[in-house]
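The values are calculated or read from the model by the stated rules, or taken from the named source; none is laboratory data. Please read all numbers here as calculations on a predicted model, not as lab measurements. Methodologically, a virtual Cβ is constructed for each residue, glycine included, from the backbone with ideal geometry; neighbour enumeration extends over all protein chains shown. Surface areas here come from the heavy atoms of the whole protein model, side chains and all, with no ligands, DNA or RNA. Shrake-Rupley method; radii C 1.70, N 1.55, O 1.52, S 1.80 Å.
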Amino acid sequence: MTDRYAVIGNPISHSKSPLIHAQFARQTGQDLSYEAISAPLNGFRDTVLALRDEGCRGMNVTVPFKFEAFQLATQLTVRAQAAQAVNTLKFDGTEIIGDNTDGAGLVADIEHNLGFIFQGKRVLLMGAGGAAYGVALPLLNAGAIITVANRTEDKAYQLAALFSAHGPIQGSSYIALAGSQFDCVINATSSSLADSLPPLPRGESAFSLSSPNLPFSIEENPKYGGIFAPNALAYDMMYGKETPFLIFAKEQAAARLADGLGMLVEQAAESFFLWRNIRPDTAPVIAKLRLI
Ligand code: ATR
């Protein structure tokens, strides 16, 4: 019998998850269906329980229900507890298992797909909302040395305090970042949705760096690259367009730029693994989505 899965959110019509999981199922020969379900804003719990009672085996959960899913779960994985948010539910008898695969998806994309290894690297995590909470523990577990910066400074300190038992992490304002450099800068704010940019300190622009009048190169004078260390990776969790942050990073001479499409596919693969105990091959799925 075909096993039923779904992604639930509001709005949900834009979701690429059905496309991704259909490809995973085809690739691995798993007999499953996967649909997008829009729940009323005040009806998350009832919608989930009704689907479960109809035989649904598991769900992905997206905006704005990740915290409600966290509350609904009867069992939580360590990473879901740390994130205080759930993006994956698995129904097992009367148990509702809640997991969070966002951070694992981010780390898998950056380490396996982009070849950037976090161990011992200076990482600037921008934002202290749900997206940042979701990735902090997996980043620390991968060996990153994290500075978390947030517009509302106190939230950066709170996030850092919560995770400090797991590894090196400190809070910061944006202004205090001036003079510091990072090997990887991750945009976990929702600024890209509003077409805006977190207030990052600027170094000399790449344009002026390429000026023939400059007596040095970026490599010799890295502070002219602003917050980006030589060979730095700039990563925006958003995908589908060139965001103001990625434009800023290019202008500030970041060596590598990446959007969050790989993270989207990797977090889906991690959910698929939780449900089916099989790891799909993500590379062809990422490549296909790039063409759409
Ligand atoms: P999400 O679940 O996407 O993380 P959220 O919990 O509402 O959404 O958090 C949004 C994050 O983006 C917050 O860290 C927010 O900063 P504040 O706490 O100061 O509000 C951050 N953010 C949103 N727009 C921003 C902008 N233009 N510049 C900097 N940070 C921004």
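Pairing each residue of the stretch 53-80 that is part of a strand (DSSP E or B) with any residue that is acidic (Asp, Glu) and open to solvent by less than 40 Å² (accessible area, probe 1.4 Å), provided the two are 6+ apart or on different chains, yields C-beta distances under 8 Å for Arg57/Asp3; Leu76/Asp99.
Taken as a whole, the condition of being among the polar types (S, T, N, Q) and either more than 20 Å from Glu270 (Cβ to Cβ) or touching a Phe, Trp or Tyr at 6+ places or on another chain (Cβ under 6 Å) (or both) applies to Thr47.
Of the residues that sit in the stretch 21-35 and are closer than 17 Å to Leu89 by Cα and in contact (Cβ under 8 Å) with a residue 40 or more places away in the chain, which one is surrounded by the most Cβ atoms within 10 Å (Cβ to Cβ)?
His21
Hey, any hits in the stretch 67-83 for a residue that's within 16 Å of the ligand (Cβ to nearest atom), within 28 Å of Pro230 (Cβ to Cβ), open to solvent by less than 10 Å² (accessible area, probe 1.4 Å) and out of contact with any Asp or Glu (no Cβ under 7 Å at 6 or more places or on another chain)? For the stretch 67-83, residues within 16 Å of the ligand (Cβ to nearest atom), within 28 Å of Pro230 (Cβ to Cβ), open to solvent by less than 10 Å² (accessible area, probe 1.4 Å) and out of contact with any Asp or Glu (no Cβ under 7 Å at 6 or more places or on another chain): absent. How many residues, within the stretch 139-157, are buried (at least 24 other Cβ atoms within 10 Å of the Cβ) and within 16 Å of the ligand (Cβ to nearest atom)? The number of residues fulfilling the criteria is 6.
Among the residues of the stretch 242-292, write down those that are part of a helix (DSSP H, G or I) and closer than 30 Å to Arg202 by Cα.
Result: Pro244, Phe245, Leu246, Ile247, Phe248, Ala249, Lys250, Glu251, Leu261, Gly262, Met263, Leu264.
Could you look through the stretch 112-163, keep only residues that are polar (S, T, N, Q) and assigned to a loop (DSSP other than H, G, I, E, B), and pick out the one that is farthest from the chain's Cα centre (by Cα)? Let's see the steps before the verdict.
Just the residues of the stretch 112-163 that are polar (S, T, N, Q), to begin with: 113, 119, 141, 147, 150, 152, 158.
Okay, now just the ones that are also assigned to a loop (DSSP other than H, G, I, E, B), so 119, 150, 152.
On the way: Gln119: 18, Asn150: 16, Thr152: 20 Å.
Filtering the stretch 112-163 for residues that are polar (S, T, N, Q) and assigned to a loop (DSSP other than H, G, I, E, B), the one farthest from the chain's Cα centre (by Cα) comes out as Thr152.
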